[in-house]
Structure formats: C-alpha cells, structure tokens
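What follows is a short report on a single structure.
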Amino acid sequence: MSDDRTPVDGPFRVHVEAIPAGATLDMSHYLTSVLLNLAAAAEEDGEGLLAELVHIAECARQAAHQGSDSHAAHERDERVADLLAEVANDGKVPVYGGQVLRLAERLTAIGTPKAVPGPRQAGAAA
C-alpha cells in the first residue's frame, strides 16, 4: 500500500506534495523510464535519433517565428508525437484501480481551501 505522499505506486510511482499555490506531481519514475527508452533508441540508432531531435528543434525554432498554425509547428507536433509513441507510451502514465481514488483524494485534500482564522480567533483571549 502506498503512503499519503505516494498515492500511485505502480507501474510508475507518482509522488504528490502540497506547495503554497497548489501541488507538485513528481513524475520522475516515469521520466526515468522515458530516458532509458531514449538511451536504448540511441544505442540502436544514435545517428538517426540525433537527426530526428535536431529536426524537431529546427521545426520548433521555425514555429516560434512562423506561428502555432504554421507547417513547421504541425511537423514539429507530428514528429514529437511519433517520438512519444516510440519511447513514452504516447506520454500517458497509467494509473490503476484504487490508485485512481488515492490520487484523487490526495489532490482533493491539497486543493481544498483551508480555513484561515479571523482576527478574533487568532488573537482573542478565551
């Protein structure tokens, strides 16, 4: 069973922590898997992977100048989607069974507004 900080413990662990403005989702376990898959792809065809990444960077640079509806932006998005499909399960992190509820409960607990004591409550004598 997971602890409060780790409502999702598999297949990829997701840690959740409160921050002043909301929450952080620590997806480092999933990202480690993605990087290992990229490393395996590089080992298999390093030159091809590097060429693909450079092309994506070129498309991204062109898209920044040409706009989000340009040919470069569409090509960038398509190539990124293809790479995500190859090394990152389309960028989707599966969450199963009771872990869905634990994640929802943790995020609800973090997101629920907390009562702030008024001046009378905070400094009033009993």
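A few remarks follow.
- Residue count, segment 18-41 (criterion: free of Cβ contacts under 8 Å to residues at least 24 places away in the same chain and part of a strand (DSSP E or B)): 4
- Within segment 50-103, tally of residues that are of a type in the set (D, E, K, R), out of contact with any Pro (no Cβ under 9 Å at 6 or more places or on another chain) and within 20 Å of Leu25 (Cα to Cα): 2
- Screening Ile110 against (1) at pLDDT 95 or above; (2) surrounded by 10 or more Cβ atoms within 10 Å (Cβ to Cβ) leaves a single unmet condition, (1).
- Residue in segment 86-95 that is farther than 16 Å from Phe12 by Cβ and not β-branched (Val, Ile, Thr) present: yes
- For segment 30-68, a tally of residues being surrounded by 14 or more Cβ atoms within 10 Å (Cβ to Cβ) and either of a type in the set (Gly, Ala, Ser) or more than 21 Å from the chain's Cα centre (by Cα) (or both) returns 9.
- Residues being free of Cβ contacts under 8 Å to residues at least 24 places away in the same chain, of a type in the set (A, V, I, L, M) and in contact with a helix residue (DSSP H, G or I) (Cβ under 8 Å, 6 or more places away or on another chain) - total across segment 54-66: 2
The values are calculated or read from the model by the stated rules, or taken from the named source; none is laboratory data. Since the structure is predicted, the reported quantities are computational estimates derived from the model, not experimental observations. Note: ideal-geometry Cβ built from the backbone for every residue, glycine included; neighbour counts use all protein chains shown.
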